[in-house]
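Undergrad: Supplied in structure tokens, the structure appears directly below.
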Amino acid sequence: MPEIATATQMSPAEFVRISRAIEDEVGKIIVGQKEVVRGILTCVLAGGHALLEGVPGLGKTMLVRTLGRVLDLSFSRVQFTPDLMPADITGTSLIVEDGSGGLRTFQFQPGPIFANLVLADEINRATPKTQSALLEAMQEHRVTVAKTSHQLDRPFFVMATQNPIEMEGTYPLPEAQLDRFFFKLSVGFPSPDELLQIAERTTTGQLPDVNPIADGVTVLSMIELARDLPIARPVLTYAVRLVTGTHPDNVSAPETTRRNVRYGSSPRGLQALVLGAKIRALLEGRFNVAFEDIRAVALPALRHRLILSFEADAEGVTTDRVIGDVLAATRED
């Protein structure tokens, strides 16, 4: 049985202090990308998984690795390639002999999925069969091999990076797996000033060192506190309107949705909106959720949960544009 961390009670003030310390510590290594850092921290504090999309070389892998060090969590990295097999991730049962060389038994050998923080690097370079090996682990926090279930340690996070799907050698992630990611974060190209800082930091003798700020027990306590934050019914209703506004068969959906969307967000999108807004409010030092918190997390919470029509793809319409129109058309009262 894995060792299960147990949450302890935490105050809102302590939540804010630790969160800001984590962001500051990650900022010692990662130049700029403040929205991405805030987004991935939000996923951790929600107990969810993050998908980071961007061209190679933007520091996605370094960001996740640095976060693992700052949170003092067990860390593993899986480089996804076309020949990667599901057993390379989950583990497999091997025949093991006893010390005398007589009795042979099957013994489960855990794969790299058995860690608190798993970096699935370039996840969309593996085949759909291998990508789907993560489904049970991401949703149920367990792995089933040879009809035997193995529980994963808590906390457990999958931080996946992917290249834009237009790049050669990529396989689009199945919709069912995309839906299990709490946020999808777009990693943009650095500004000239940020490029200058990157060059200064990475071409010298040594990178800045980072210190652990929290551990598994602390993270579980922060997750528990965030879920307990109250949210007013009008704000919750506003989040529901946003989600239903992404469905083309909804009478209140804007024209952009009806014309370009085949399938709208799942209920997991609503959960991500509400929980992400709670965490944003706490990170901003507020102990109540506002409409602006819902709007601020709408793009990362919903952009990977919409399936566009073929016409929309042909015309270059993006899910971000659709969500922007839904935000503009949805009333708060």
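Undergrad: Within the range 37-73, can you find the residues that are in contact with a Gly (Cβ under 8 Å, 6 or more places away or on another chain) and not in a loop (DSSP other than H, G, I, E, B)?
TA: Val37, Thr42, Ala46, Ala50, Lys60
Undergrad: How about the range 198-212: which of its residues are over 18 Å from Val70 (Cβ atoms) and at pLDDT 80 or above?
TA: Ala199, the sole residue that qualifies.
Yes or no, residue by residue, for (1) buried (at least 20 other Cβ atoms within 10 Å of the Cβ); (2) out of contact with any helix residue (DSSP H, G or I) (no Cβ under 7 Å at 6 or more places or on another chain); (3) aromatic (Phe, Trp, Tyr); (4) assigned by TED's automatic domain parsing to the domain that holds Arg125:
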{"residue": "Pro174", "(1), (2), (3), (4)": "no, no, no, yes"}
{"residue": "Gln177", "(1), (2), (3), (4)": "yes, no, no, yes"}
{"residue": "Phe181", "(1), (2), (3), (4)": "yes, yes, yes, yes"}
{"residue": "Lys184", "(1), (2), (3), (4)": "yes, no, no, yes"}
{"residue": "Ser191", "(1), (2), (3), (4)": "no, yes, no, yes"}
{"residue": "Leu195", "(1), (2), (3), (4)": "no, yes, no, yes"}
{"residue": "Ile198", "(1), (2), (3), (4)": "no, yes, no, yes"}
{"residue": "Glu224", "(1), (2), (3), (4)": "no, yes, no, no"}
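Undergrad: So, Thr61, is that one under 17 Å from the mean Cα position of the chain (by Cα) and surrounded by fewer than 22 Cβ atoms within 10 Å (Cβ to Cβ) or not?
TA: So Thr61 fits the description; yes.
Undergrad: Which ones in the range 111-125 are aliphatic (A, V, I, L, M) and under 13 Å from the mean Cα position of the chain (by Cα)?
TA: Result: Leu117, Val118, Leu119, Ala120, Ile123.
Undergrad: Only one of (1) surrounded by fewer than 14 Cβ atoms within 10 Å (Cβ to Cβ); (2) farther than 20 Å from Glu175 by Cβ; (3) free of Cβ contacts under 8 Å to residues at least 24 places away in the same chain fails for Ala232. Which number is that?
TA: (3)
Undergrad: Under the condition of being free of Cβ contacts under 8 Å to residues at least 60 places away in the same chain and under 13 Å from Leu306 (Cβ atoms), which residue from the range 235-247 is surrounded by the most Cβ atoms within 10 Å (Cβ to Cβ)?
TA: Going through the qualifying residues, I end up with Val243.
Undergrad: Within the set of pairs 6+ apart or on separate chains, which have a first residue in the range 251-267 that is within 13 Å of Val240 (Cβ to Cβ), a second that is part of a helix (DSSP H, G or I), and C-beta atoms under 6 Å apart?
TA: Ser265/Val243; Ser265/Leu302
Undergrad: Return the residues of the range 248-290 that are surrounded by 15 or more Cβ atoms within 10 Å (Cβ to Cβ), part of a helix (DSSP H, G or I) and not aliphatic (A, V, I, L, M); say none if nothing qualifies.
TA: Thr256, Thr257, Arg259, Asn260, Arg268, Gly269, Gln271, Gly276, Lys278, Arg280
Undergrad: What number of residues in the range 118-142 are assigned to a strand (DSSP E or B) and either surrounded by fewer than 23 Cβ atoms within 10 Å (Cβ to Cβ) or not assigned by TED's automatic domain parsing to the domain that holds Phe157 (or both)?
TA: 2
Undergrad: A further question on this structure: Six or more apart or on different chains, Cβ atoms under 7 Å: show the pairs whose first residue is in the range 296-310 and under 14 Å from Cys43 (Cα atoms) and whose second is assigned to a loop (DSSP other than H, G, I, E, B).
TA: Leu302/Thr246; Leu302/Ser265
Let's see how each residue does on (1) buried (at least 22 other Cβ atoms within 10 Å of the Cβ); (2) part of a loop (DSSP other than H, G, I, E, B); (3) at positive phi:
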site	(1), (2), (3)
Ile29	no, yes, no
Glu35	no, no, no
Pro82	no, yes, no
Ile89	yes, no, no
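The values are calculated or read from the model by the stated rules, or taken from the named source; none is laboratory data. In this text the structure is predicted, and so the values were computed from the model without any measurement. Note that each Cβ is placed from the backbone with ideal geometry, even for glycine, and that neighbours are counted across all protein chains shown.
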